[in-house]
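Presented below is the structure to which this report refers.
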Amino acid sequence: MTIFNVNVTIENKPGISDPEGETILNDLVLRGNYESVSKIKSAKMLRFTIEENSKESAQLKVQEICDEVRIYNPLVSKVTFDIFDA
C-alpha cells in the first residue's frame with residue numbers, strides 16, 4: 001500500500017453563475033489597478049491523504065467518498081482529481 005495525496009477541485013460548470021468570483025473581479029475593477037484581469041472563477045479544493053494500492057484506486061476511493069457524502073452537486077459542479085505520491 002502507498003500513501004497518496006489527492007486534491008479534489010470543485011468548481012461551477014460553464015454557464016453557472018459564480019457570485020464569489022464576480023465579487024472579487026468587481027472589487028479589482030473598483031480599485032482601478034487591475035484592468036488586465038477580465039474574469040475570475042472561484043473553486044473549492046479539498047486535500048485527502050489516503051493509503052491505497054495505486055493512484056487509480058486512490059482516485060476511485062476519494063470519488064466514492066465525495067459522491068457518498070454529497071460534497072458537490074453534480075448538476076452544477078465540475079470536479080477534478082489530482083493525485084500525487086505523498
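Please treat every number below as a calculation from the coordinates, not as lab data. All figures in this text were calculated on a predicted structure; none of them were measured in a lab. Virtual Cβ from ideal backbone geometry, glycine too; neighbours counted across all protein chains shown.
Taking trypsin sites (Lys or Arg not before Pro) as exposed when their DSSP state is a loop state and no more than 12 other Cβ atoms lie within 10 Å, the longest site-free interval of the chain runs over 1-38.
Please order SER57, SER36 by the number of other Cβ within 10 Å, starting at the fewest. Before the final figure, lay out the partial values.
On the way: SER57 14, SER36 6.
Starting with the residue having the fewest Cβ neighbours, the order is SER36, SER57.
In vacuum, with every alpha carbon of the chain counted as one equal point scatterer, what does the Debye formula give for log10 I(q)/I(0) at q = 0.13, 0.17, 0.18 Å⁻¹? Two decimals, please. Summing over Cα pairs of the chain leads to -0.55, -0.75, -0.80. For the chain, lysine pairs separated by 8 or more sequence positions, or belonging to different chains, with Cα-Cα distances below 22 Å total 11.
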